[in-house]
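Engineer: Dropping a structure here in C-alpha cells format, bear with me for questions.
Bear in mind that the values in this text are calculations on the coordinates, not laboratory data. These numbers were taken from a predicted model, which means no experiment stands behind them. Neighbour counts are summed over all protein chains in view; Cβ atoms, including those assigned to glycine, are modelled from backbone coordinates with ideal geometry.
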Amino acid sequence: MTLFPLLTENPFGLSGLFWREGRFRPGPVRELLHLGDPLGPALARLPEALRDAVPKRQSEYLAGRICASLALRAAGLPEVLGLNGRAPVWPDGAAGSISHSDSRVVAAVSRDHAGLGVDCETVMPEDQARSLAPMILTAAEAALRPGTMSFAGFLTLVFSAKEAVYKAISARHARILEFHDVMLTGISADRLHLAQDAQDFQASFRLDRSEVMTLVLVAP
C-alpha cells in the first residue's frame with residue numbers, strides 16, 4: 001500500500017484539535033512505516049486478527065493507526081492505541097476518532113473534550129441513497145433537506161453526521177446505537193443539529209460533489 005503525505009490542519013479551523021489526514025492506495029501489507037510527517041517516522045503493524053483480511057481492510061487499519069499515532073504525538077500523549085473489537089481504545093486524557101473512505105483517512109485527537117467523532121464518506125450514488133434512505137432517515141428528517149442539496153449528498157451527509165455522533169458517545173453506551181436513535185433536528189450552512197435522547201449535538205461539516213467530512217465534539 002501507499003500512504004501519501006499527511007495534512008496537519010483541520011478543515012474546520014478549530015484550535016486544540018490535533019489532526020492527521022491523507023490519501024492512501026490499498027495493497028497487501030503486514031506493517032507500514034511512514035516517513036513523511038514533520039514529527040518523525042511512525043510504524044504500525046497489523047494485529048493477528050487482521051493477518052488474513054482483504055488488502056483494503058489491512059490498508060485502512062494501518063493508515064488509520066499511522067494517523068492516530070501522529071495525532072496523539074502532536075497532542076503530547078502516548079502513542080498507545082488499544083483495540084476493542086474494531087473500535088480503537090484511546091489513552092487516558094485523549095478523546096479521539098479515526099475514519100476512512102475508499103482512499104481517504106483521517107484521525108483527530110483532543111485533550112479538551114469528553115468525546116470526539118470524525119467521519120469521512122464518499123457521496124453515495126443516487127440510486128443507492130434512495131434504497132438506503134428508510135434505514136437512515138425518518139420522513140421528518142428528510143423534509144429538512146435544503147432545496148440546493150441533492151438527495152444523495154444530503155443522505156450521505158446525515159449518515160456521516162450520525163456516525164460521528166456514535167463515535168463521540170459510544171463509550172457511554174453498552175449497546176450499539178441504531179441510525180434512528182440519533183435524530184436530525186436542523187441544518188445550517190456548515191452544521192447539522194442532532195439529538196440523542198435528551199442531549200443535543202452539532203456536527204460541523206464540509207461537503208462537495210464527491211466527499212463529505214463531519215466532526216462532533218462533546219464538551220467535558
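Engineer: Would you mind telling me which residue in Gln199, Gln58, Gln128 has the biggest mean-square fluctuation in a Gaussian network model of the chain, where springs connect alpha carbons within a distance under 10 angstrom?
Structural biologist: Of the options given, Gln199 has the highest mean-square fluctuation.
Engineer: Turning to a different aspect of this structure: Which of the trypsin sites (Lys or Arg not before Pro) across the range 126-196 are loop residues per DSSP, with 10 or fewer other Cβ within 10 Å?
Structural biologist: Filter output for the range 126-196: Arg175.
Engineer: I would also like to ask the following. In Å and on Cα atoms, what radius of gyration and Dmax does the range 2-112 show?
Structural biologist: Computed over the Cα atoms of the range 2-112, radius of gyration and Dmax are 13.0, 40 Å.
Engineer: More than 33 angstrom separation, counting every C-alpha pair in the chain; what % is that?
Structural biologist: Values: 3377 of 24090 pairs.
Above the 33 Å cut-off, the chain has 14 percent of its Cα pairs.
Engineer: Tell me, what is the FRET efficiency for Glu9 and Asp190 to the nearest 0.05, using R0 = 22 angstrom and their Cβ-Cβ distance as r? Can you show the working numbers first?
Structural biologist: Numbers: r = 17 Å, r/R0 = 0.76.
After rounding to 0.05, the efficiency reads 0.85.
Engineer: Among Ala140, Leu62, Ala108, which residue has its Cα furthest toward the positive end of the charge dipole of the chain, with +1 on Lys/Arg Cβ and -1 on Asp/Glu Cβ?
Structural biologist: Leu62
Engineer: Another question, then. For Ala171 paired with Ala219, estimate the spin-label separation in nm (one decimal), with each label point 7 Å from Cα along the Cα-to-Cβ line.
Structural biologist: Going by the 7 Å Cα→Cβ label model, 1.9 nm.
Engineer: Work out how much length Thr148 to Ala74 would gain on full extension: take 0.36 nm times their residue separation and subtract the Cα-Cα distance, in nm to one decimal.
Structural biologist: Details: separation 74, 0.36 × 74 = 26.64 nm, distance 3.86 nm.
Value of the extension gain: 22.8 nm.
Engineer: I've got another one for you. Under the rule a/c < 1.5 gives rounded, and otherwise a/b versus b/c splits prolate from oblate, where does the range 120-218 land using the Cα gyration tensor?
Structural biologist: Values: a/c = 1.58, a/b = 1.44, b/c = 1.10.
It comes out prolate by the Cα gyration axes.
Engineer: Ok, one more. Going by how many other beta carbons lie within 10 Å of each one, how would you line up Ile176, Ile136, fewest first? Intermediate results must be reported in sequence, preceding the final value.
Structural biologist: On the way: Ile176 8, Ile136 18.
Result, fewest neighbours first: Ile176, Ile136.
Engineer: Which far-off residues, 5 or more places away or on another chain, put their amide H under 5 Å from the one on Val123, with H placed in the peptide plane?
Structural biologist: Glu211, Val212
Engineer: So, with +1 on the Cβ of K and R and -1 on the Cβ of D and E, and no other charges, what is the size of the charge dipole of the chain about its Cα centre, to the nearest 20 debye?
Structural biologist: Working: 22 positive and 24 negative charges, 85 e Å.
Here the size comes out at about 400 debye.
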